[in-house]
Each structure stands twice: as structure tokens, then as C-alpha cells.
1. Kindly indicate which of R109, R86 is open to solvent by 20 Å² or more (accessible area, probe 1.4 Å) and at pLDDT 90 or above.
2. Quick check: anything in segment 207-224 open to solvent by 70 Å² or more (accessible area, probe 1.4 Å), more than 21 Å from A127 (Cβ to Cβ) and at pLDDT 90 or above?
3. Being open to solvent by 10 Å² or more (accessible area, probe 1.4 Å), in contact (Cβ under 8 Å) with a residue 60 or more places away in the chain and farther than 23 Å from R214 by Cα: is that true of V115 here?
4. Within segment 249-272, is even one residue at pLDDT 75 or above, more than 30 Å from A127 (Cβ to Cβ) and open to solvent by less than 70 Å² (accessible area, probe 1.4 Å)?
Amino acid sequence: MKTRGRPPKKTGPPRYANRLRELRQRLGLSQQEVATGAGISSAYYGALERGDKRINADTAQRLHAPLRCSVSDLLSGTRGVSVPVRFAIAAAEPGGRLDSFELPEPHERLQPGRVAEPEQCFAAEIADDSADRDFAPGTVLLLRPPAALREPLRAGAKVVARFFLDGDPGGDAGGDRGSDAGDDTGGDVRRATYEVLYGILDRNILGDLMLITRTRNRLIPRHALIRAAASARSGPSAGGASESARDGTIDYRHSPEDPAEILGVVVYAMGPVENRLG
């Protein structure tokens with residue numbers, strides 16, 4: 001006997017599988033908020049998210065901005081997510097310094113291939129010869145922020161770090177200021193960036209956390225200080241450097257007083273691609 005009321009809830013796979021729910025929940029948004037941002041009805045968005053309706057090119061164009069993803073992310077079903085290219089890796093050489101080390105929005109987005117959990121990653125492009133022992137200019141490095149690492153950070157890791165201008169963190173000394181990209185990487189958004197470098201993470205004999213640069217350019221320092229030894233810092237973490245150095249693990253937490261910040265650990269390299277920054 002048939003009963004009146006709502007139709008039975010679907011229990012099988014969606015007709016048009018997609019990643020809308022995952023992308024929305026990652027941002028902490030409601031369906032109504034996404035629908036309003038895209039200029040569509042909440043009922044229509046709900047049908048899209050359930051997979052009852054297919055995401056076409058026009059709808060993807062409307063949805064990609066409120067969901068902070070690329071159009072291709074929405075048209076690729078469940079096959080993956082793209083990664084934004086947020087930073088340019090370059091040394092602060094006189095006469096060749098970039099106007100900005102943080103690339104403007106909307107960011108170019110790349111498909112990360114088989115990288116695990118790509119939604120936690122971002123990318124940076126090498127713009128000069130500051131990494132030429134390992135990578136050519138134009139190579140794009142996929143980075144995972146320290147807070148998103150599955151395993152402890154260790155000496156010997158290949159990382160990208162940004163170095164801050166000396167002096168007053170609030171002063172304008174000609175460098176670009178941290179943007180909203182710093183929110184994702186744990187950086188101090190009030191400080192100006194001096195340069196962004198790739199290298200090998202290590203400790204010196206004093207226990208200072210250092211970046212060993214990988215370049216043939218003699219104008220770029222061989223070693224760059226990221227964080228002074230814990231014994232020279234105040235607070236409950238002081239004295240922990242020697243213990244973490246024994247097994248190579250590094251308990252890294254960026255402090256506003258540090259001269260540099262680790263943006264991420266290199267998980268994949270792509271390219272080079274000519275004239276990507278041009």
C-alpha cells in the first residue's frame with residue numbers, strides 16, 4: 001500500500017558525483033552562503049551538491065569564487081583539486097628584486113597529480129637562480145605547510161622559507177607585506193617580506209635553525225638563519241633544541257620575533273614552464 005508524504009530518500013550513489021560538499025565544509029560555509037555567493041537558489045545548489053543535477057560550465061563559473069577553487073575543480077567530478085600558485089621564490093639581489101613575492105589573486109591553479117591531500121598544499125614558482133643546484137628557474141614547487149605535515153619536521157627536509165626585513169615589523173622598507181596567504185601558512189601578516197628562498201633545513205653547532213641554500217650564485221648567502229636556538233629564547237620551550245636535534249626532528253612553531261618563516265616542505269616539483277610569471 002502506498003503512503004503519502006515525502007519520496008523515499010535515495011540510498012545509492014549520486015547521479016553526478018562531485019566535491020561540492022567537501023569544498024564547502026572545508027571553508028565552514030552553509031549551503032545558503034555558497035548559493036548566495038554564486039547567485040543561485042539554495043534549492044538548486046542543494047540539488048547540485050547531492051548530485052541530482054550536473055554542474056555545467058556556467059554554474060562552475062558562478063561557484064568557483066565562493067568555494068575558493070578553480071572552475072576545473074568543479075568540472076572534474078571527484079577526480080581531484082587544483083593547487084594555487086601563491087609565492088615567487090627569489091633572492092633579494094640589488095637590481096633584480098621582485099616587486100612582490102606573493103603573487104596577486106586570482107592565483108593560477110595547477111593540478112597536483114598524485115600528491116596526497118592536495119587541498120592542504122599550495123605552490124611557489126622559482127623565479128631566479130637561487131635554487132639552481134636543484135631546480136631551474138620556472139620550476140613550480142608544491143608545498144605542504146608545517147602545520148599540515150603528517151610526520152615531524154626533520155633536519156634535511158627540502159623547504160621554502162620567507163625572510164623578513166629587519167627593523168620595525170610595521171614599517172614600510174620597500175618590501176611587500178604579508179597577504180591573506182600568510183593566514184594559511186601561519187605567518188605574521190604585518191611584516192614585510194625581504195626574500196623567499198628554497199633550501200635544506202639544518203641546525204648549526206649552536207642549535208640555530210638554518211636554511212642551507214642550493215645555488216651557485218655567490219651573492220646569495222650559503223646559510224640563512226630561520227630561528228635562533230631555543231636556549232636563547234624565553235618561555236617554556238627554551239632548552240628543547242638539543243633534545244629534538246638528537247633524532248633530527250624539529251619542533252617548529254613560528255614566532256613573530258623570528259627572522260624567517262618556513263612556508264612549507266617540498267612534496268612535489270613540476271616544470272619548468274617558460275614565462276609562467278610573465
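The values are calculated or read from the model by the stated rules, or taken from the named source; none is laboratory data. Just so it is clear, the structure is predicted and the values come from calculations on it, not from any experiment. Heads up, the Cβs are rebuilt from the backbone with ideal geometry, glycines too, and the neighbour counts pull from every protein chain shown. For the accessible areas, the whole protein counts, side chains as well, though only heavy atoms, and no ligand, DNA or RNA atoms are used. Shrake-Rupley method; radii C 1.70, N 1.55, O 1.52, S 1.80 Å.
1. Going through R109, R86 in turn, the sole match is R86.
2. Looking for residues that are open to solvent by 70 Å² or more (accessible area, probe 1.4 Å), more than 21 Å from A127 (Cβ to Cβ) and at pLDDT 90 or above, one finds at least one in segment 207-224, hence yes.
3. When the stated conditions are applied, V115 passes them.
4. Yes: one or more hits.
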